[in-house]
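Enquirer: Here's a structure for you.
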Amino acid sequence: MFNIIDINASSIAAHKEYLSAISNNIANINTSVGINGNTYKRQAVVFSEFRDKMNKNLGVKASLVKENKNDRLVYDPANPVADANGNVHYPDIDMAQEMTDLITAQRGYEANLSTINVVKDIYKQTLDIGR
Amino acid sequence: MYDFSNILTKLDTSMENLKIISDNIANVNTPNYKKKYLSNNGFENVLKMKKDYSNHLDGINENSYTIKEDSRAVREDGNSVDINQEISDLTKNNLQYVSFLRIFNKDISLAKSVIGSK
């Protein structure tokens, strides 16, 4: 019945996923040992348009992917996790990129939130027909 | 009898437009998404054209509208949603919807006063 709100709610969920991926990247910017023993890989979120055949349910969905980029090498032979050449592997995360992505995600979230409020007002007024 | 079908069509069209604008805003960060819009929707087409002669051409049929895609890409990721445009469309559509509602409520109160109920 109130399915327009679901459209923006799906986008809010997707942007939240985006924000959590960015947070994870920034938190792990100096992580040289990940969960499986390899270097942490930068996470990215792919947004794709979602719609069913009848055009009833619209929206967006986000899927998490791990980027397969080369590691950033820092020469530090004294470090216990250094490899045979004396290099320590760090994830190749660009701080400027993450911060701009953060702004994009935040603005997208805000836009959808204010749209939900507008749609909610419209539904409220619809329920007052004939009063 | 009172005929509310005309105003109900308007409300439905406005609701459909709201759904499309919501979808556009939801997909503001989706690569290669193309902005959707309803063509033939607006105050200009609210009133039906009166014809003196049956040979005259019809006006635009306001009940028919189609969902079109704006295929121009304004951003590098192939997305053609302009968020400023969408928010202003949202506000415009909201005002339209509210004014249709107001007309509808006036119609109903008119009908109520005719049948003497309060």
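The values are calculated or read from the model by the stated rules, or taken from the named source; none is laboratory data. These numbers come from a predicted model, not from an experiment. Here the Cβ is made from the backbone with ideal geometry for all residues, glycine too, and neighbour counts use every protein chain on show.
Listed here are the residues, each with its yes/no results for (1) of a type in the set (Gly, Ala, Ser); (2) modelled with pLDDT under 90; (3) closer than 30 Å to B:Glu16 by Cα.
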position	(1), (2), (3)
A:Ile4	no, yes, yes
A:Glu17	no, no, yes
A:Asn24	no, no, no
A:Ile35	no, yes, no
A:Val45	no, no, yes
A:Val65	no, no, no
A:Asp101	no, no, no
A:Gly108	yes, no, yes
A:Leu113	no, no, yes
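Enquirer: What's the number of the condition B:Val81 fails, among (1) within 11 Å of chain A (Cβ to nearest Cβ); (2) farther than 13 Å from A:Val118 by Cα; (3) assigned to a helix (DSSP H, G or I)?
Expert: Here B:Val81 clears every test but (3).
Enquirer: Which number in (1) at negative phi; (2) in contact (Cβ under 8 Å) with a residue 12 or more places away in the chain marks the one condition that B:Leu95 misses?
Expert: (2)
Enquirer: At least 2 residues that are facing chain B (nearest Cβ under 9 Å) in each: list the strands (runs of 3 or more DSSP E) lying fully within the stretch A:1-114 that qualify.
Expert: Per the criteria, A:43-51, A:58-66.
Enquirer: Taking into account only those residues within the stretch A:70-98 that are under 30 Å from B:Asn24 (Cα atoms) and in contact (Cβ under 8 Å) with a residue 24 or more places away in the chain, which is surrounded by the fewest Cβ atoms within 10 Å (Cβ to Cβ)?
Expert: Per the stated criteria, the residue is A:Met95.
Enquirer: Among the candidates B:Asn55, B:Asn45, B:Asn63, single out the residue that is at pLDDT 75 or above and more than 22 Å from A:Val118 (Cα to Cα).
Expert: After applying the criteria, what remains is B:Asn55.
Enquirer: Same structure again: Restricting to the stretch B:100-118, name every residue that is in a helix (DSSP H, G or I) and either of a type in the set (Val, Ile, Thr) or in contact with a Phe, Trp or Tyr (Cβ under 9 Å, 6 or more places away or on another chain) (or both).
Expert: Selection gives B:Ile103, B:Phe104, B:Asp107, B:Ile108, B:Leu110, B:Ala111, B:Val114.
Enquirer: While we're looking at this one, here's another question. Considering only residues that are surrounded by 14 or more Cβ atoms within 10 Å (Cβ to Cβ), touching a residue at least 40 places away in the same chain (Cβ under 8 Å) and farther than 30 Å from B:Leu38 by Cβ, which ones fall in the stretch A:32-69?
Expert: Within the stretch A:32-69, A:Ser32, A:Thr39, A:Tyr40, A:Lys41, A:Arg42 qualify.
Enquirer: Follow-up. Scanning for something more than 28 Å from A:Lys120 (Cβ to Cβ), within 13 Å of chain A (Cβ to nearest Cβ) and modelled with pLDDT of 80 or more, does the stretch B:24-42 turn up at least one residue? Break it down stepwise before answering.
Expert: Keep residues of the stretch B:24-42 that are more than 28 Å from A:Lys120 (Cβ to Cβ), which gives B:31-32.
Filter once more, keeping what is within 13 Å of chain A (Cβ to nearest Cβ): B:31-32.
Still in the running and modelled with pLDDT of 80 or more: B:31-32.
Yes, some residue in the stretch B:24-42 is more than 28 Å from A:Lys120 (Cβ to Cβ), within 13 Å of chain A (Cβ to nearest Cβ) and modelled with pLDDT of 80 or more.
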